[in-house]
Amino acid sequence: MQHLPANLRLLIGAGLLVLVLAGLMFYFFPSETPTVLKDGEMREAEAPLPVDDVDGAIENGIHTPTGLIASEGVHLVIAHCTACHSAKLVTQNRADREGWEKMIRWMQQTQNLWDLGEQEVAILDYLAENYAPVKSGRRPPLTDIDWYELKD
Ligand code: HEC
């Protein structure tokens with residue numbers, strides 16, 4: 001160090017100080033990963049999200065941070081299905097079991113969705129049960145109609 005000009009030594013010293021401070025910052029304040037993505041937001045997740053306190057966030061049968069129906073299996077769906085995109089993609093879709101399975105396969109083949117292992121059955125149960133196709137039928141017959149007399 002002695003052979004270096006004083007101003008260069010100062011520069012190296014300042015650089016080292018900045019590095020140490022930045023290191024300490026990242027150590028003590030690790031960047032927080034947002035757990036719930038908003039509409040249209042994406043991230044490249046490689047594993048399910050850690051899920052905690054799901055039950056505390058349930059109001060009127062809905063898990064409010066995600067909007068998912070809070071029934072059996074919702075923990076798994078939050079962990080696996082909200083890691084990359086908003087839960088809206090799930091809640092706005094309707095499909096039967098086969099349809100949901102196809103979407104999962106498509107994400108596995110093209111979007112790096114991981115193998116859901118043994119949990120896939122419970123996830124499909126949840127999706128097929130809560131986000132099944134809406135039955136479209138004829139409207140129910142009208143009741144209580146006030147008929148009026150046609151006069152000519
Ligand atoms: C590894 C990332 C990743 C995970 C985890 C993931 N998805 Fe996706 N998913 C995607 C991507 C990428 C898209 C395409 C988004 C777009 O088109 O903007 C997508 C799209 C979708 C769509 C819309 C499909 C369509 O036809 O429009 C649905 C529904 C969906 N995902 C459901 C799920 C469910 C259910 C799970 C949990 C089993 C899940 N996703 C987990 C990456 C993921």
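How large is the helix-only mean residue ellipticity at 222 nm for the chain, computed as the sum of -39500 (n - 2.57) over DSSP H runs with n ≥ 4, divided by its residue count, in deg cm²/dmol to the nearest 500? Don't jump to the answer; show the numbers that get you there.
Numbers: 5 runs with 61 residues, N = 152.
Dividing the helical sum by the residues of the chain leaves -12500 deg cm²/dmol.
Compared with the dominant Cα axis of the chain, that is its longest principal axis, helix 119-130 is turned about 40°.
Residues Trp106, Trp114, Trp147, Trp100 ordered from highest to lowest accessible area at a 1.4 Å probe: Trp147, Trp106, Trp114, Trp100.
Let me know the longest stretch in the chain that avoids all GluC sites (Glu not before Pro) found in a DSSP loop with at most 15 other C-beta atoms within 10 Å.
Values: sites that count: Glu32, Glu41, Glu44, Glu46, Glu72, Glu118, Glu149.
Between the exposed loop sites, the longest stretch runs 73-117.
The eigenvalues of the Cα gyration tensor, multiplied by 5 and square-rooted, give the stretch 1-96 an equivalent ellipsoid with semi-axes of 48, 14, 10 Å from largest to smallest.
Amide H contacts of Ile62: Ala70, each under 5 Å away and 5 or more positions distant or on a separate chain (H built 1.01 Å from N in the peptide plane; Pro and chain starts excluded).
Relative to the longest principal axis of the Cα atoms of the chain, the long axis of helix 97-110 makes an angle of roughly 20 degrees.
Only Lys, Arg, Asp and Glu count, each charged at its Cβ (+1, +1, -1, -1), so figure out the dipole size of the stretch 1-115 about its Cα centre, rounded to 20 debye. Numbers along the way, then the final one.
On the way: 8 positive and 14 negative charges, 113 e Å.
Dipole of the stretch 1-115, to the nearest 20 debye: 540 debye.
Distance between the modelled labels on Gln92 and Gln119, one decimal in nanometres: 2.5 nm (7 Å Cα→Cβ projection). Here the Gaussian network model covers the chain, with springs between Cα atoms less than 10 Å apart; of Val121, Val74, Val134, Val134 fluctuates the most. Just how large is the dipole of the stretch 55-130 about the Cα centre, in debye to the nearest 20, putting +1 at every Lys and Arg Cβ and -1 at every Asp and Glu Cβ? Computed charge dipole of the stretch 55-130: roughly 380 debye. What the Cβ-Cβ distance of Asp55 and Arg139 gives, at R0 = 35 Å and to the nearest 0.05, is a FRET efficiency of 0.35.
Ordered from largest to smallest accessible area (heavy atoms of protein chains, 1.4 Å probe), the residues His85, His3 come out as His3, His85.
The values are calculated or read from the model by the stated rules, or taken from the named source; none is laboratory data. A quick note: this is a predicted structure, and the numbers were derived from the prediction, not measured. Neighbour counts run over all protein chains shown; Cβ positions are idealised from the backbone, glycine included. The protein model used for the area step is the full one, side chains on, heavy atoms only, and it has no ligands, DNA or RNA in it. Shrake-Rupley method; radii C 1.70, N 1.55, O 1.52, S 1.80 Å.
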